[in-house]
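Q: Below you will find the structure I want to go over with you.
The values are calculated or read from the model by the stated rules, or taken from the named source; none is laboratory data. Just so we're clear, the structure is a prediction, and the values are computed from it rather than from any experiment. Heads up, the Cβs are rebuilt from the backbone with ideal geometry, glycines too, and the neighbour counts pull from every protein chain shown.
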Ligand SMILES: *Cc1c(COP(=O)(O)O)cnc(C)c1O
Ligand code: SF4
């Protein structure tokens, strides 16, 4: 990359070149789309979206590829399964101010945008209308006023959607505004972009994070070691070199990472690239995601096994989000 300008243009151009068409993705992967249980109706409910970078880490010809499974719109999604709802974590009613979810002590989540670079089929956000909640103009002032008034808040979590979908200019100005609120100590970003679009970690972003007095934490989201290619490793290293503490959260997903080997490989690969495992989430029971569920009994057994095989700091906390609880609920 020759300059910071070309770097920032590059991620937005790459985003525009993402796969949004099932047949095109299948052609790229040399898969016969007619022989797979795909569903264009599922794409109507939640559009297909995959960066070329993420697709590039899939194995051509493998319909069971663990990365492909995360993004492939299957007819399974249309099945109605009891207990799988459109608001499994109670977020629809938890908004304290426009764009703010303040459920836990000392920290609040700021929904910066509804947009994501990739559409993960298991995500509870697939059913969530973010139009009403994202930070636009007046909403953004109200959210910042809420944070400024709540002196018990020490940490703001930029979330979404994906906060790194904001332009450099908007993100920089948001970080500056938060930095000016004296009672804040930490800034956390929950983002999948270091994994699905590593060129997003550009000089402008690194500068914004370095210039803030806030202590920065980035929680990336990878579910499988195969996602963590050398370009992703470079992006995580750049963040770390700029003083950002790096953590990962995953979702336990049937057919993606529900084996001892894949969970162990993921933890080890994360550590190799300077990232510590943080949470392993049980699936939020969102409508259309039942085919990804791993039972709690199997989850506990997997977790016990990796605990016996890995040093404690490489074992993620197995948690579930429960509406109304004061924190994520540990399962074991
Ligand atoms: C998950 C979550 C957090 C962060 O919880 P930690 O346990 O600190 O990672 C904060 N606010 C909301 C609304 C959340 O859902
Ligand atoms: S919010 Fe995260 S998990 Fe959900 S679709 Fe976006 S990137 Fe995927």
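Q: Failed condition for residue 168, given (1) modelled with pLDDT of 95 or more; (2) in contact with a helix residue (DSSP H, G or I) (Cβ under 6 Å, 6 or more places away or on another chain); (3) within 16 Å of ligand 2 (Cβ to nearest atom), with all others met?
A: All conditions pass for residue 168, except number (3).
Q: Another question, if that's okay. Residue check: is residue 214 surrounded by fewer than 23 Cβ atoms within 10 Å (Cβ to Cβ), within 18 Å of the chain's Cα centre (by Cα) and more than 16 Å from ligand 2 (Cβ to nearest atom)?
A: It is false that residue 214 is surrounded by fewer than 23 Cβ atoms within 10 Å (Cβ to Cβ), within 18 Å of the chain's Cα centre (by Cα) and more than 16 Å from ligand 2 (Cβ to nearest atom).
Q: I'd like to check which strands (runs of 3 or more DSSP E) are fully inside segment 34-145 and have at least 2 residues that are at pLDDT 90 or above and under 19 Å from the mean Cα position of the chain (by Cα).
A: By residue number, 100-104, 107-111.
Q: Quick check on this structure: which one of 204, 117 is touching a helix residue (DSSP H, G or I) at 6+ places or on another chain (Cβ under 8 Å), touching a residue at least 40 places away in the same chain (Cβ under 8 Å), more than 16 Å from ligand 1 (Cβ to nearest atom) and over 28 Å from residue 291 (Cβ atoms)?
A: On inspection, the qualifying residue turns out to be 204.
Q: Can you tell me how many residues in segment 172-209 are in a loop (DSSP other than H, G, I, E, B) and within 16 Å of ligand 2 (Cβ to nearest atom)?
A: 3
Here is a yes/no grid of residues against (1) crowded, with 22+ Cβ neighbours inside 10 Å; (2) touching a helix residue (DSSP H, G or I) at 6+ places or on another chain (Cβ under 7 Å); (3) under 17 Å from residue 120 (Cβ atoms):
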| site | (1), (2), (3) |
| --- | --- |
| 228 | yes, yes, yes |
| 234 | no, yes, no |
| 238 | no, yes, no |
| 245 | no, no, no |
| 249 | no, no, yes |
| 259 | no, no, no |
| 278 | no, no, no |
| 285 | no, no, yes |
| 293 | no, no, yes |
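Q: Tell me whether segment 307-314 contains one or more residues that are surrounded by 21 or more Cβ atoms within 10 Å (Cβ to Cβ) and either modelled with pLDDT under 95 or over 26 Å from residue 187 (Cα atoms) (or both).
A: No, segment 307-314 contains no residue that is surrounded by 21 or more Cβ atoms within 10 Å (Cβ to Cβ) and either modelled with pLDDT under 95 or over 26 Å from residue 187 (Cα atoms) (or both).
Q: Next up: Quick one: count up the residues across segment 146-166 that are touching a residue at least 40 places away in the same chain (Cβ under 8 Å) and away from ligand 1 (no atom under 16 Å from the Cβ).
A: Counting residues in segment 146-166 that are touching a residue at least 40 places away in the same chain (Cβ under 8 Å) and away from ligand 1 (no atom under 16 Å from the Cβ) gives 3.
Q: Something else about it: Output yes when any residue across segment 128-148 is buried (at least 20 other Cβ atoms within 10 Å of the Cβ), within 28 Å of residue 252 (Cβ to Cβ) and away from ligand 2 (no atom under 12 Å from the Cβ), and no when none is.
A: yes
Q: I would also like to ask the following. Residue 171 versus (1) at negative phi; (2) surrounded by fewer than 20 Cβ atoms within 10 Å (Cβ to Cβ); (3) away from ligand 1 (no atom under 16 Å from the Cβ): which is the lone unmet condition?
A: So the condition that residue 171 fails would be (2).
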